[in-house]
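The values are calculated or read from the model by the stated rules, or taken from the named source; none is laboratory data. None of the values given here were measured: they were computed from a predicted structure. All Cβ positions, glycine included, derive from the backbone under ideal geometry; neighbour counts span all protein chains shown.
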Amino acid sequence: MTIDYQSLAVSGVQALSPYQPGKPIAELARELGLNPADIVKLASNENPLGPSEQAMAAAREALSELCLYPDGNGFDLKQALAARFGVDMAQITLGNGSNDVLEVIARCFADADSEVVFSQYAFAVYPLVTQAIGANGVSVPAKDWGHDLDAMAAAVTERTKLVFVANPNNPTGTVHGADAIVAFLEKIPARVLVVLDEAYCEYLRGDGYADGVELLSQFPNLIVCRTFSKAWGLAALRVGYSLSSPEIADILNRVRQPFNVDTVALAAATAVLDDELYLQRSCEVIAVGMVQLEAGFRELDLSFIPSAGNFIAVDVGDNAMAVYQSLLEQGVIVRPVAGYGMPRHLRVSIGLEHENTKLLNALAKTLGRSGQGA
């Protein structure tokens with residue numbers, strides 16, 4: 001007897017397409033016979049500086065405890081986060097990356113009778129977790145590549161349980177200021193939870209930007225999600241967290257997997273929070289690299305979406321996948337975003353100066369246009 005096991009999966013899971021991460025360097029090297037040392041990966045919004053020395057030292061020290069289960073409560077990291085943000089430890093939920101927290105939130109507060117609102121061109125995990133739990137996803141058309149907050153507020157119905165807002169947004173890099181975020185939150189009923197995904201918030205500089213942590217006391221239905229994968233340089237260790245009311249955090253912590261953040265990750269994340277110089281250098285590298293890429297794209301006569309993150313989406317024309325493949329053959333990995341409904345764009349993570357230069361020169365060669373990467 002042959003059993004179709006796929007048919008046994010719940011309907012929401014049957015219809016899912018797996019999340020597609022950026023292509024690893026080792027995979028491209030195997031496929032095309034390239035030297036891994038010559039490959040530049042600008043696909044996954046990783047920190048081009050490499051990890052913090054403080055984080056590395058803490059990780060090495062933690063290796064002696066590999067035979068023991070991690071601290072399931074993550075006391076030291078929660079204590080460090082609470083001190084940094086002026087919140088109570090009871091407001092913190094730790095995750096195996098912020099994606100883990102996003103999934104836990106959906107599982108805790110939405111079901112097949114619920115609606116979940118998110119924006120067109122927003123992070124792919126929002127519709128994925130919504131579909132996986134069988135809820136109805138409501139994708140609100142974007143405005144200028146970013147969230148149309150007024151339209152999203154208007155899309156809230158009696159069935160709405162969650163609203164996901166990415167600020168800055170991935171993959172478009174668009175961002176809303178504090179006034180716009182507050183005005184939006186004031187329109188959302190208190191019974192509806194708003195998840196403010198601030199994975200790239202460390203790159204925001206200057207006045208007028210929203211800081212979700214400062215809004216928690218004003219909006220008890222707010223959950224703020226952040227990560228150590230980007231500016232803090234710990235993508236491989238998978239550490240994310242949410243800040244919310246203690247009541248919401250209590251629910252999330254009942255559902256999250258025990259020991260979902262490992263000992264090495266906890267140690268490195270706790271240590272890197274004290275490395276302000278590393279964070280400053282990380283943000284400076286991105287700011288300088290953004291200027292370099294924007295200038296290079298203009299020189300190549302390519303339009304792009306102004307970005308507040310550590311990446312930028314560039315319009316390379318109708319043959320974006322062919323451009324992507326050509327870049328791969330030249331040892332440059334970027335991210336196609338056709339799956340986000342952006343078939344003309346490639347998302348480029350900001351790298352070090354020589355990495356950005358290699359990308360720009362490869363683009364010039366592919367497109368047959370003159371341009372200088374430096």
Q | Selected residue (criterion: nearest to the chain's Cα centre (by Cα)) from residues of segment 121-137 that are closer than 16 Å to TYR340 by Cα, part of a loop (DSSP other than H, G, I, E, B) and hydrophobic (A, V, I, L, M, F, W, C) | A | PHE123
Q. Hey, does segment 75-92 have a residue that's touching a Ser or Thr at 6+ places or on another chain (Cβ under 8 Å) and surrounded by fewer than 13 Cβ atoms within 10 Å (Cβ to Cβ)?
A. no
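Could you pull out the residue among ARG298, ARG256 that is out of contact with any strand residue (DSSP E or B) (no Cβ under 6 Å at 6 or more places or on another chain), without any contact (Cβ under 8 Å) to a residue 12 or more places away in the chain and more than 17 Å from GLY50 (Cα to Cα)?
After applying the criteria, what remains is ARG298.
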(Q) Going through GLY289, GLY317 one at a time, which residue ends up being buried (at least 22 other Cβ atoms within 10 Å of the Cβ) and not assigned by TED's automatic domain parsing to the domain that holds TYR209? (A) GLY289
Q | Subset of segment 289-324 [of a type in the set (A, V, I, L, M, F, W, C) and under 21 Å from the mean Cα position of the chain (by Cα)] | A | MET290, LEU293, PHE304, ILE305, ALA308, PHE311, ILE312, ALA313, VAL314
Q: Please specify each residue of segment 86-119 satisfying the condition of being within 20 Å of ASN167 (Cβ to Cβ) and without any contact (Cβ under 8 Å) to a residue 60 or more places away in the chain.
A: GLU103, ALA106, VAL116, VAL117, PHE118, SER119
**Q.** Exclusive hit being surrounded by 15 or more Cβ atoms within 10 Å (Cβ to Cβ), closer than 30 Å to GLU353 by Cα and at pLDDT 95 or above, set ALA236, ALA210, ALA265
**A.** ALA265
Q: Among the candidates ASP150, ASP100, single out the residue that is of a type in the set (Asp, Glu) and farther than 25 Å from ALA236 by Cα.
A: ASP150
